[in-house]
1. Helix B:27-38 versus the longest principal axis of chain B: what angle, 0 to 90°, nearest 10, using Cα atoms?
2. In A, who owns the beta-carbon nearest the axis carrying A over to B, and how many Å from it?
3. If you keep only loop residues by DSSP, which GluC sites (Glu not before Pro) in the range A:270-333 have at most 11 other Cβ atoms within 10 Å of their Cβ?
4. For B:Ala346, place a label point 7 Å from Cα along the Cα-to-Cβ direction in every copy; what are the distances to the other copies, in nm, shortest first?
5. Using only the Cα atoms of the range A:108-181, each taken as one equal point scatterer with no solvent, compute I(q) by the Debye sum, divide by I(0), and report log10 of the ratio at q = 0.17 Å⁻¹.
6. Test of the criteria: in the range B:113-207, which chymotrypsin sites (Phe, Trp or Tyr not before Pro) are in a DSSP loop and have at most 16 other Cβ atoms within 10 angstrom of their Cβ?
7. Give me the percent relative contact order of chain B, please, defined on Cα pairs under 8 angstrom at least 6 residues apart.
8. By what distance, in whole Å, do the Cα atoms of the range B:163-234 stretch along each of the three principal axes, largest value first?
Number of protein chains: 2
Amino acid sequence: MSPAQSALAARAKAAPRHVAVVGATGAVGRELLACLERRDFPLASVRPLASPRSAGQKIAFRGGELTVEALGPDSFQGVDVALFSAGASISRQYAPLAVAAGAVVVDNSSAFRMDPDTPLVVPEVNARALAGDPRVIANPNCVAAIAVMALQPLHARAPVRRVIGATYQAASGAGAAAMAELEASTAAYLAGEAFEPKVLPHPYAFNIFSHNTTVDPDNGYNGEETKVMDEVRKIMGAPDMRLSFTCIRVPVLRAHAMALTVEFDRPVDPDEAREWLAGAPGVVVVDDPAANHFPMPVEASGQDDVLVGRVRRDLSDPEGRTLAMFVCGDQLLKGAALNAVQIAEALL
Amino acid sequence: MSPAQSALAARAKAAPRHVAVVGATGAVGRELLACLERRDFPLASVRPLASPRSAGQKIAFRGGELTVEALGPDSFQGVDVALFSAGASISRQYAPLAVAAGAVVVDNSSAFRMDPDTPLVVPEVNARALAGDPRVIANPNCVAAIAVMALQPLHARAPVRRVIGATYQAASGAGAAAMAELEASTAAYLAGEAFEPKVLPHPYAFNIFSHNTTVDPDNGYNGEETKVMDEVRKIMGAPDMRLSFTCIRVPVLRAHAMALTVEFDRPVDPDEAREWLAGAPGVVVVDDPAANHFPMPVEASGQDDVLVGRVRRDLSDPEGRTLAMFVCGDQLLKGAALNAVQIAEALL
């Protein structure tokens, strides 16, 4: 079969669905539409929904054009699958309406992720959590989704006891406006002009800063770090896994990276770990010391796969049970839109 | 006394010295001259030395003008203190000539750092290593110098057993040409133009990458990481301290940052650690969770002090012996030029 014929066959397997995208004009929303388009999701129709001020915008889609509609209580009539990416308060308000209208909701916000009755899913890791016909499925935090892609292939062979992570997070995690602010503030810097940040709390041009979520006064971790740690445990079904993350924003547009220190319950050889990773769907090992070629945002951006490299034995663990590694994945794809569409595909 | 009078009194305490700066036109060399200028180092003369192609350049200095001379075997006649920052091979070739001419050498390269007979010094940490009239003193790797400023005030009260570090390193560590490449490649990106990197091996605009030093095929750590780990142990006089660093280059111009996970031999309270840090010379605690204000390059750049914040108990250590923290310091100042001039001052 030609690729075009294969695609037609794949589409024919499942009945076409009516899909709504809530937050269609945001950074993730645009990628949700792009994923639906290029992955040949069996579509009967696509309804892009956004705030009233975006209503009427045209979006090119599969050779035609979609018109953005204002999100409202009646937006979900006839919708089979609703992909939400418009923030937690919109999800809390509208997801129940979408479910009441008969839709299955895949929600990219944090609204339902830690709800014990809501599955939190990265299909390569815990597709089994989709059993039981759930009506709302939560799509994880972007760092958590990318981290578990690297951790699960290892954890499946040698249980992971502890993870220490330091992240290098892109602008896209704060939305399209943050990406624009990174570019505009950098252009201003290079032109020697002043720039007043409006989207993020700190200057972003050639600067890095601690993630701009509220810091828990009791333990000193910020909201992003807490989400990552809680969600990794939930997705991996490992409530006793010990984690500590430091989440830092770096001036990169759309791919997150992280340095992970991973302690196992027994010594694991780096070559063995690389083999496990190389065999994992959605993971590509980029680990070429001779060429100094390792995962980096410029290569992860626009890629579905999560890149893993710098795999080596942690020299600070005399028992040899700890590996260090460096991971990079597209925040808008595996960290958000791609994973949501993969969840919808798994539900078909 | 007025500040001007204090400065005069300080200068009068030591006899003026004839100082040479090797690599005077580089990123660190320019900062060496700036530190000598603003710190009222007791100067009889300053001789800026560089490669023949830079000879004849004029450098403004204390209201006058210095002329760059080509480095040669006779450059050190009459020199009391020679500050080297022109790479390890220049140091290996010319430091012995400077010493033979009667100068004390403070060397910013890696040439002599791990030589057991050469002191490796951060004055706030191990000024005692300057005893015994050494003729060559090594100035540490920039990450090591900044890291020990945050580690030593803690280690002095509660011995540090293990450090896991992930760095966010600025362009300046690769020299003035790398800083220029970061700006030029970013400008090209924003203009939608192609850019071929010449100084660094990877695209730098809105990208991060593993430090571009050779990776040890035996253990997978790169040269920068190995330097940091070895030098921290040597400066702190802690040969058994266990370290693991991941060194990453980020698109920042001149301040390094690092996420440190620090394990002690006993539980340490974050408030206690902050007190110890706040009392340490050269360290400023920047740790305001309510304002989401923590150390960042835009505030560390141009500052002598090393900024420390995000101090919190590592949630992945159930025994409570581990703290997480975030550190930021100017790579060209405490990471290089300032520390070298401080060493020279300590020798006076």
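Every read-out reported here was derived from the displayed coordinates using simple, explicitly stated rules and does not represent laboratory data. Values in this document were obtained by computation on a predicted structure and should not be read as measured data. Here the Cβ positions follow ideal geometry from the backbone for every residue, glycine too, while neighbour counts run over all protein chains shown.
1. Here the helix axis deviates by roughly 80 degrees.
2. Nearest Cβ to the rotation axis, residue and whole-Å distance: A:Ala166, 2.
3. Sites meeting the loop and neighbour criteria: A:Glu319.
4. Output for B:Ala346: 5.6 nm, nearest copy listed first.
5. Those come out to -0.81, one per q.
6. B:Phe195
7. 17 percent
8. Principal-axis extents of the range B:163-234 (Cα, largest first): 45, 22, 19 Å.
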